[in-house]
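So the structure is just underneath, and the comments pick up after that.
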Amino acid sequence: MNASLASRASARPPAASRESSSGASGDLAIDAVADVADAVLDAASSALAVRRAARSGRFTGHTSGLAAEYVQANLAILPAAQAEDFRRFCALNPQACPLLGVSEPGDPTLAALGADLDLRRDVPRYRVWRDGELVDEPTDVSAWWRDDLVTFAIGCSFSFEHALLAEGIPLRHVEQGRNVAMYRTSIETQAAGLFRGPTVVSMRPLNAADAIRAVQITSRLPRVHGAPLHLGDPSRIGIRDIATPDYGDAIEIRDGELPVFWACGVTPQSAIATARPPFCITHAPGYMLVTDLLNRDLVEV
């Protein structure tokens, strides 16, 4: 699916620095990060600190385990001509694509998710797609931005990880500072217009007792994928090699553990590859937008 490096380079727009692409307001933003850019980002960091570090270009890593109190979001950014079909796709597949917010066309902000937030620059790494092919993976999409683009912010499993950790459930990829493992499955999504394709899942190895508790905890968080889709044998959902994830990092499954699979917000990227819209921007898997929403406010009793 990925284009060659040469074709990616030829598809890129003229290079623009973060400062020059954002004008005077961008200069102010760069100044504003000076006091936090060199700080170590961790679970205690604020959402704003993570966003500003990404905006400055000084943080380009995955966001698992960061800013633990705050909701993280997957992004799908599409031309307005495809936006209504994609909105219906999310409505038909709420476990994989729980919507947190939708922007107005061309607006690079989403006030409901954060006051100081720039959708073009606050994600550590993006993906740019043309006709379903990946053509670039920049850390700033200002040069790709268009007046007709609509941003969809979709709930992320990194948010329910805070609830699991708070209850003493260990997560190996967080302990090891790695990205979560993600897989394409044989579970088909409900189609809407052009958008269709397999559900993507994220996997966390847990012992049986922790798996039961994880089901109970995450079932109360439907806006960030809710309860697992599957526990146990990966072949039952079409995963042939658990040691080779389609996205993210491979995570060891030890004796006495079973793989637990949740619907994943990378599912839209699978649908985009199938739909092949003329243009689209997404986050890179594991590199999320950290919002000002609080995880505790998403819990449903």
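The table below lists the values:
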| quantity | calculated |
| --- | --- |
| Candidate set: the stretch 83-128, residues that are touching a helix residue (DSSP H, G or I) at 6+ places or on another chain (Cβ under 6 Å) and more than 26 Å from S46 (Cβ to Cβ); chosen: the one surrounded by the fewest Cβ atoms within 10 Å (Cβ to Cβ) | P105 |
| Conditions (1) of a type in the set (D, E, K, R); (2) in contact with a Pro (Cβ under 6 Å, 6 or more places away or on another chain); (3) assigned to a strand (DSSP E or B); number of the one not met by D118 | (3) |
| Close pairs from the stretch 62-79: first over 21 Å from P222 (Cα atoms), partner part of a strand (DSSP E or B), Cβ under 6 Å, at least 6 apart | I77/L149; I77/T151; I77/I281; L78/V150; L78/C280 |
| Lone qualifier among D107, D85 - being at pLDDT 50 or above and under 15 Å from L289 (Cβ atoms) | D107 |
| Which numbered condition D131 misses (of (1) closer than 14 Å to A73 by Cβ; (2) surrounded by fewer than 22 Cβ atoms within 10 Å (Cβ to Cβ)) | (1) |
| Selection from the stretch 157-179 of residues that are open to solvent by 30 Å² or more (accessible area, probe 1.4 Å) and either part of a loop (DSSP other than H, G, I, E, B) or acidic (D, E) (or both) | E167, G168, P170, E175, Q176, G177, R178 |
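The values are calculated or read from the model by the stated rules, or taken from the named source; none is laboratory data. None of these values were measured; they are calculated from a predicted model. Glycine gets a Cβ as well: all are built from the backbone with ideal geometry, and neighbour counts include every protein chain shown. Accessible surface areas use protein heavy atoms only, side chains included; no ligands, DNA or RNA. Shrake-Rupley method; radii C 1.70, N 1.55, O 1.52, S 1.80 Å.
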